[in-house]
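Colleague: Sharing a structure here in structure tokens format.
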Amino acid sequence: MNRRHKHSRAIERIIEGSLVVCSLASILILAVIFIFLFYEGVPAFRDISPHEFFLGTVWQVQAVEPAYGILPLLSGSTLVTTGAMVIAVPLSLLCSVYMAEVARPALREITKPFIELLAGIPSVVYGFVALTVLADITYELTGAVHRLNALNGALILAVMVSPTIISISEDAIGSVPREYREAAYALGADRWQTTSKVVFPAALSGIMVSIMLGLGRAIGETMAVLMATGNAPLLTFDILSSVQTMTAVIAIEMGEVTFGSTHFHALFAVGLVLLLITSVVNVTAEIVLQRFRSVRY
Amino acid sequence: MSSRLKEGKENLVERTKIQVKDLSVWFGSTQVLRGVNLDIKENRVTAIMGPSGCGKSTLIRTLNRMNDIIANCRTDGAVLLNGRNILDSTIDVVELRRKVGMVFQKPNPFPKSIYDNVAFGPKIHGMARGRELDELVERSLRDAALWDEVKDRLKMSALSLSGGQQQRLCIARALAVEPEVILMDEPCSALDPAATAKIESLMVSLKKNYTVVVVTHNMQQAARVSDFTAFLYLGEVIEYNDTKVVFNNPSNRLTEDFITGRFG
Amino acid sequence: MTNRELKAKIAFTAIRASALIVVAVACLLILHIVVNGYKIVSWSFILDSPRRGMTAGGIFPAIYGTVCLIVLTLAFALPIGLASAIYFSEYFGSKWSSLVIITRAASNILAGVPSIVYGLLGLGLFVLLTGFGFSLLSSSLTLSFLTLPVIIAASEEALHSVPLAYREAALALGATRWQTVRHAVLPYAIPGMITASILALSRAAGETAPILLTGAAYFLPRLPTSIFDQFMALPFHIFTLSTQSVNPAITRPIQYGTVLVLISLVLGMNLVAIMIRAYYRKRVRALL
């Protein structure tokens, strides 16, 4: 009995040990990502001064005197992302209120999986639709100079991030205790007052998290914006102009770059900036989420 | 002769199975138990009663270290089982829980067959197999007064049983690993009166072979089944004595208030 | 109508309209692809190789490549993902628990890292540093990194849905941690974990940016025969045909067909996941 016991204890140790090792993979991968982007990105500054990289207004790598200024890419990403969020946030929040508060349960049973399905459609498909169909529509309606422009990218990105925002904020609204609503109704509040003054504020941190995660997704999205925005690295805040985002420049130019060249390292440096921005957004979301959890339980 | 017999019986009564010494438990910064002292006698039913939130569940869950699975739970003091401190970090909790079985507030059978539920413990401990295991399962079910009701449908899901039957199945499951102590955490709170009566008579019969500790907020139950009763209030043992004494002649005002139904 | 009623009326109209817009856009999107794609999708489209400089023929190599990617990604990510989830969810209060908090946070941050950044990592680490080159191996390793946090998060959720009472019952019978997990938790969490994994893989199947940088090819005359070969893949095929070819308009029908096949594959995997879940739920219910 005793030997058997010792034996099983050893097995128990081995299993727990292997589980610990496996669970370290996440930390390891995260560390490797940061290390690699630094390792490949920092050498860019041997040839490009940080001043030129961070404050340069031109990204022109094919020229005789190549210029590696990140500002046009930053402006492209900012323009597309902001546009997408301006469209997606109100629409998604109203839609999540509909699903959580207004829709009959049977209808919700259909819409929820449907929304989740939408989140599963690959980004290249969204990009394809933006390129072939949506571009014509926006071009016709706005009379923009460029057929592929930031607005086109913002629209398709809005469609892409909406499922994320909707499903997380719907969960947040749905998890507001029923007692809150009953209390409000008992005080004579009507349904809209209950929703806007009681339920929505109670779910606010969850809703914030959904917006942050949607934002993170929008900044980091590559294929859809690449195919939709025209890929001209212009420093502009005109939503009807062609732009190029940080993600798109990496995806496009990495294919034609000489490994180890300044251009190669510059693209990694852009990747590093992108990683830092999305990490800040996601870590903020994570912190809000943790606080949210610790308040609720 | 009669005095010798009486002396022997007295000795038996005096044997302490579990000794709780200055036990304090915190969940985070909240202190749930405050210096609890308790001697639990072998082959007796000891009831721990008190109003809800008094720490009685925490106390009983300390006796088989089930609180270990609760995050940021901290204990201080000692709990001696057969003279050994089970709160010691060198204690093998797996071995401890084999010796100290537990029945929970809500019946929690696995969604497996009746047989597999009872055989679960013996199987993981490699105690028996084949015919031997069949016999062990039957014996456990008989000891839990369930055998006659389920002998023809051992392969059926445990979840097809009624609540009271499920709880007796959980008792049988605990008995099958041949423990020395059985802890019951409000085992009847989810059951109807008829099922409660069955479990109560089972508790009394179990003390022949086991030491039984039962947590209850129902003082009539404590009065009916137990030999000793502890009254717990705000994490402290207010009174601990022979059940008859506690109920007929309580020494503390709070105990008196509780058993006369002035609060609880 | 009072001011208050008017306000409520406007608000609920806006809410209903938003929901309608979202659903309508989604329906239009899918409908558009189906209508334009179904004409070209046939067995020969699925089973043929591209011909005449990609302007005719089928997309078999791309389907084959995507399936290979999924299988390899599964092989790399699943064991580690499930093990992590089990550790995070079931080994609470063990001596490494502060580690759990950090690793779980790391996993959550990983989930938000843009896919193009995974592509950069794959390029630097697998293609260049370890010398796997542009290959199936590099791409599937990159994708397994990307799917890992998804598998972890969803499997953890599946584990959390198993009642605590089962764990307590097993532990109170003197089961060790692993015995508890093995006999009292996993049997009931497995369907949810399978579902989670399929959903994660369906995401991997549609990813373009990471494989763009690590091994996907525009056109290959032969199917990959080893994990060190380059490959064609459905999402990449869509991307290249619609943006990189000389005259994208000529291959538009093929593009729509490929999009339809990719969407069917991805949504089909989702459907399989849902069916598996339903099947196991029914089995558990039969047990009840």
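Colleague: Just name the residue that is farthest from A:Ala100 (Cα to Cα) out of those in region A:141-178 that are of a type in the set (A, V, I, L, M, F, W, C) and part of a loop (DSSP other than H, G, I, E, B).
Modeller: A:Val145
Colleague: Moving on. Please go through region A:62-92 and pick out each residue that is in a helix (DSSP H, G or I) and among the polar types (S, T, N, Q).
Modeller: Within region A:62-92, A:Ser75, A:Ser77, A:Thr78, A:Thr81, A:Thr82, A:Ser92 qualify.
Condition check ((1) surrounded by fewer than 16 Cβ atoms within 10 Å (Cβ to Cβ); (2) touching a Cys at 6+ places or on another chain (Cβ under 8 Å); (3) among the hydrophobic types (A, V, I, L, M, F, W, C); (4) in contact (Cβ under 8 Å) with a residue 24 or more places away in the chain) across all residues:
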residue: B:Val212; (1), (2), (3), (4): no, no, yes, yes
residue: B:Ser226; (1), (2), (3), (4): no, no, no, yes
residue: B:Asn248; (1), (2), (3), (4): yes, no, no, no
residue: B:Gly261; (1), (2), (3), (4): yes, no, no, no
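Colleague: In region C:159-178, which residue that is free of Cβ contacts under 8 Å to residues at least 40 places away in the same chain and over 14 Å from B:Phe110 (Cα atoms) is surrounded by the most Cβ atoms within 10 Å (Cβ to Cβ)?
Modeller: Applying the filter and picking the extreme gives C:Gly174.
Colleague: How many residues are surrounded by 12 or more Cβ atoms within 10 Å (Cβ to Cβ), assigned to a helix (DSSP H, G or I) and out of contact with any strand residue (DSSP E or B) (no Cβ under 9 Å at 6 or more places or on another chain) when one looks only at region C:34-46?
Modeller: 4
Colleague: I've got another one for you. Against the condition surrounded by fewer than 24 Cβ atoms within 10 Å (Cβ to Cβ) and touching a residue at least 12 places away in the same chain (Cβ under 8 Å), how does C:Leu213 come out, does it pass?
Modeller: Criteria not met by C:Leu213.
Colleague: Residues B:Val94, B:Val118: which one is without any contact (Cβ under 8 Å) to a residue 24 or more places away in the chain and either in a helix (DSSP H, G or I) or farther than 29 Å from B:Lys198 by Cβ (or both)?
Modeller: B:Val94
Colleague: Sticking with this one: Exactly one of (1) modelled with pLDDT under 90; (2) part of a helix (DSSP H, G or I); (3) within 29 Å of C:Ala11 (Cβ to Cβ); (4) more than 10 Å from chain C (Cβ to nearest Cβ) is unmet by A:Arg293. Its number?
Modeller: Looking at each condition in turn, A:Arg293 falls short on (3).
Colleague: Return the residue satisfying two criteria in turn: it lies in region C:166-200 and is within 12 Å of chain A (Cβ to nearest Cβ) and either of a type in the set (Lys, Arg) or touching a Leu at 6+ places or on another chain (Cβ under 6 Å) (or both), and of such residues it is nearest to C:Ile152 (Cα to Cα).
Modeller: C:Arg182
Colleague: Test C:Val67 against the criterion of being free of Cβ contacts under 8 Å to residues at least 40 places away in the same chain, away from chain A (no Cβ under 12 Å) and in a helix (DSSP H, G or I), and give yes or no.
Modeller: Yes; evaluated as a whole, the condition is true for this residue.
Colleague: Given the criteria closer than 18 Å to C:Val71 by Cβ and among the small types (Gly, Ala, Ser), does C:Ala273 qualify?
Modeller: yes
Colleague: How many of the residues in region B:15-29 are within 21 Å of B:Asn72 (Cα to Cα) and at pLDDT below 90?
Modeller: Selection size over region B:15-29: 3.
The rows are residues; the columns are (1) modelled with pLDDT of 90 or more; (2) under 30 Å from C:Ile109 (Cα atoms); (3) out of contact with any strand residue (DSSP E or B) (no Cβ under 7 Å at 6 or more places or on another chain); (4) not acidic (Asp, Glu).
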{"residue": "C:Leu146", "(1), (2), (3), (4)": "yes, yes, yes, yes"}
{"residue": "C:Glu156", "(1), (2), (3), (4)": "no, yes, yes, no"}
{"residue": "C:Pro187", "(1), (2), (3), (4)": "no, yes, yes, yes"}
{"residue": "C:Leu213", "(1), (2), (3), (4)": "yes, yes, yes, yes"}
{"residue": "C:Ser226", "(1), (2), (3), (4)": "no, no, yes, yes"}
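Colleague: Which residue, of A:Ile29, A:Ile15, A:Ile11, is part of a helix (DSSP H, G or I) and either hydroxyl-bearing (Ser, Thr, Tyr) or under 28 Å from the mean Cα position of the chain (by Cα) (or both)?
Modeller: Sole residue among the options that is part of a helix (DSSP H, G or I) and either hydroxyl-bearing (Ser, Thr, Tyr) or under 28 Å from the mean Cα position of the chain (by Cα) (or both): A:Ile29.
Colleague: So, one more: Restricting the search to region C:1-10, which residues are facing chain A (nearest Cβ under 7 Å) and either at pLDDT 90 or above or surrounded by fewer than 14 Cβ atoms within 10 Å (Cβ to Cβ) (or both)?
Modeller: C:Arg4, the sole residue that qualifies.
Colleague: If you don't mind, there's one more thing I want to ask. Take the residues in region A:257-285 that are buried (at least 16 other Cβ atoms within 10 Å of the Cβ) and not hydrophobic (A, V, I, L, M, F, W, C), then tell me which one is farthest from the other protein chains (Cβ to nearest Cβ).
Modeller: A:Thr262
Colleague: Moving on to the next point. Might you check whether a residue that is part of a helix (DSSP H, G or I), closer than 30 Å to A:His265 by Cβ, more than 9 Å from chain A (Cβ to nearest Cβ) and hydroxyl-bearing (Ser, Thr, Tyr) occurs anywhere in region C:90-97?
Modeller: For region C:90-97, residues part of a helix (DSSP H, G or I), closer than 30 Å to A:His265 by Cβ, more than 9 Å from chain A (Cβ to nearest Cβ) and hydroxyl-bearing (Ser, Thr, Tyr): absent.
Colleague: Let me ask something additional. When A:Ser196 is evaluated against the numbered criteria (1) within 14 Å of chain C (Cβ to nearest Cβ); (2) surrounded by fewer than 23 Cβ atoms within 10 Å (Cβ to Cβ); (3) in contact with a strand residue (DSSP E or B) (Cβ under 8 Å, 6 or more places away or on another chain); (4) among the hydroxyl-bearing types (Ser, Thr, Tyr), which criterion, by number, is the only one it fails?
Modeller: Condition (3) is where A:Ser196 drops out.
Colleague: Quick check on region C:48-69: of everything there that is among the β-branched types (Val, Ile, Thr) and surrounded by fewer than 20 Cβ atoms within 10 Å (Cβ to Cβ), which residue is farthest from C:Val266 (Cα to Cα)?
Modeller: C:Thr55
Colleague: Tell me, which strands (runs of 3 or more DSSP E) wholly within region B:153-261 include 1 or more residues that are more than 23 Å from B:Arg61 (Cβ to Cβ)?
Modeller: Ranges flagged: B:236-242.
The values are calculated or read from the model by the stated rules, or taken from the named source; none is laboratory data. Predicted, not measured: the structure shown is a model, and the values here were computed from it. No Cβ is skipped: glycine too gets one built from the backbone with ideal geometry, and neighbour counts run over all protein chains shown.
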